[in-house]
Each structure stands twice: as C-alpha cells, then as structure tokens.
Amino acid sequence: MTTDPDAEFAALVERQSRFVYKVAYAVLRHTHDAEDAVQETFLKLYRNRGWQQAENERAFLARAAWRIAVDLKPRTERRTAEELEADVLSSGAPSPEEMALAENAHAHIHRLIDALPDELRVPLVLASFEELNSRDIGTALGLPEGTVRTRLQRARQLLRAKLERLHVMEVGRG
Amino acid sequence: MAKHDELDRLLDESLSSYAEPVHGLEERVLRGVSASASPRPRLLWLWPAGLAAAAVLLLFVATPWRSPLPPHAAPSPQIARTPAPQRDVVRNVDKAVPLPRHGAAHLQRAVAQTTVAEQEPLPKLDVFPSPSPLSAEERALAGLVARSSAQEQHALLAARQQADAPIRISAITVPPISSPDKGKE
C-alpha cells in the first residue's frame, strides 16, 4: 500500500481519468472543453483529497465531474457552429459524409446519443459503467432513483426507434 | 424480439466506445495538475521582498513620530500639580539658558534644565500675594496722614467711612397741586 499522496493521486488519475472524461463529454459534447473539465476536476481533487473519504469512488467522481462540466456548459453553448464543426473534424469523429460512406453503425449511434437531450444523455452514459447503478447515478446527478430509471428507459426507447427508422431506410435503399 | 435484443447489444457496444478521450489524457492531466498546484518559480523571489516591505511598513506605523517640542503638548504631571511656580520656572529658564532659535539639540538641553529647575521646591511666602513697595503717590498720602493731627485723622477716617457708606435718599413727596382759582369760587 502506497502512502505517498502524489503517488496515490497519480494512481487515481490513471484509474479514473477516462471515466471522468466521459462524464464531462456527456455534458459538454466537446473534446477540448471536456478535457478542461477533467483538468479542473482533478485539480480540485488534488487540493481537497475528497476522493479518499468517498464510499463509492466512481459515484463521487461522477458527481464532481458533472458539476464542473455543468458550470462550464454556458461557455460551450456560446460556441459558434463553425467551431463545433472544426472540433468534430479535429477530434477524429467522422463527418456525416464519412459516416454515410463507411456505414459505421457505432458512429451513427454516437451521433444519435449526442442528439439526445442532456437529461437523458448523461444518465445513459453513466449507466454504461457497470459499477454505477441507478441509485449511484441519482446520487451523482441529484435525482431520485426512480427518475433515473425512467430517463434511462426513455433514452433507450428513443435510440431504438431512431435506429429502427435508419435500418428501414437502409433496407429501402438496398 | 431478436431484433430488439440486437439493437440493445449494438447500443451497449456503442455506449462503451462513446466519448473516448484522445490518447495520453492521463499524462496531460498529471502535467496540468502539477503545473497548477506548484507555485511558480518566477514568483518565489516575491516572498522575501514582500515580507521585507511589510516589515518596513509595520515599523513605520508602529514608531511614534514626536517633534522635539510639540506646540500644544500637555503639561507634565509634576507641573500640573504645582501650577503657581510655573511662571518662575520659565523665568529661570529664560535667565539661565537663552533659548536658541534653531536646533533641536539646544532645545532638548533647555527642556532638560527646565525639568531640573522644576524639581527644586520653592520657599513658601508668609503673605500672599507678596507685598510690593509703595508708589510715590502712596508714599505722599502716607506722609500727609502722619503729619496731620488726631482730630484731622478722625475727620479723614469719618469722611472715608462716609464715602464708603451707602447713599440714602429720602422718599420724594410731591404735594397735590391746587388751582389758584379754587378759593375764589
């Protein structure tokens, strides 16, 4: 067991930075802003060492990252359409034309997830981690457990419906 | 139902690969945190400079700045206890040490001598206020009284007492005016 606080913190970053990034990205939908949120989250954690007392590390980090991302959101909402387009290209995500050509199902679905409203998208992304149940997600987002479940069902229904429509269109074209 | 399951599986797969960060996120986070958390080396020299400036300021504020002779200085408790001889003390100082017009050192020396003079107790007077010698007019009047006879002295004393006594004025009575034609009728 390591006792060096910096080593402990470095281990935390190694362990959870991807998770924190996903939470931030689910709110902000912008790679650079999501990285800024990750930096801010870990800097805050480095200063207050709050994760050491947390019962559920991921739930604690999800809440911290979500709050910071929500605080950053007004800044990202002011971003122009051109900047968003440039970010999509620089982040390595395929453009709609590329997606159409490659018929990349995952990229399609990522676009559909991005198009979901915030209140459905963030619980859906958090629920993709096995360690987080509806209660943990509710704690992180400040929602009742029942509300989280309802939103998860609605998100999945919406995505399924859109995917079915896309499938019908592809079959029709074929 | 099979189609439903397939869509769910596709969704789960997509969610697991959703929002993947650019490679090297961990290193960037650690670098950013260490850069933000550690104090900037360029500003380290500001600490001793700031402390020195604060110390100088504190000394400036804490040091009482007194002029050698304040214009409205309160009298010392000793002078306040014996107000009457103060004039004599000042007179003694004037005679003993002529106050120079310039120079704080001279003034301080004069003040020190004044303090020494103040500490010596002055003799008590038998009669207060102290009698002063008679003027020429007073001496002439005293000679005149001494030369006059006893009767004249008594008369002079009576006149003095009379002059000092309050003036009594008798009540004024006005007789009623009678008309000269009244008796004729």
Worksheet item: Protein chains only, probe 1.4 Å: how do A:154, A:160, B:31 rank by accessible area, largest first?
Response: B:31, A:154, A:160
Fill in: Reduction of at least 40 Å² in accessible surface, 1.4 Å probe, comparing all protein chains with the chain by itself, residues of region A:31-55
A:35, A:39, A:43
Fill in: Charge dipole magnitude, Cβ of K and R +1, D and E -1 - region A:1-45, Cα centre, debye nearest 20
300
Worksheet item: Once the whole set of protein chains is in place, how much accessible area is left on residue A:122, using a 1.4 Å probe, in Å² to the nearest 10?
Response: 10
Response to the item:
Per residue, accessible area of region A:24-77 with a 1.4 Å probe, heavy atoms of protein chains only, in Å², comes to 48
Worksheet entry | Heavy-atom SASA rank of B:173, B:63 (probe 1.4 Å, accessible area, largest first) | B:173, B:63
Practice prompt. For A:68, B:167, write out the residues from largest to smallest accessible area, computed with a 1.4 angstrom probe and no ligands counted.
Written response: B:167, A:68
Worksheet item: Where does the charge balance sit around residue B:153 when Lys and Arg score +1, Asp and Glu -1, over other residues with C-beta under 11 Å from its C-beta?
Response: +1
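The values are calculated or read from the model by the stated rules, or taken from the named source; none is laboratory data. Predicted model, so just to flag it, every value in this text is computed and none were measured. Positions of Cβ are generated from backbone atoms using ideal geometry, with glycine treated the same way; all protein chains shown enter the neighbour counts. The protein model used for the area step is the full one, side chains on, heavy atoms only, and it has no ligands, DNA or RNA in it. Shrake-Rupley method; radii C 1.70, N 1.55, O 1.52, S 1.80 Å.
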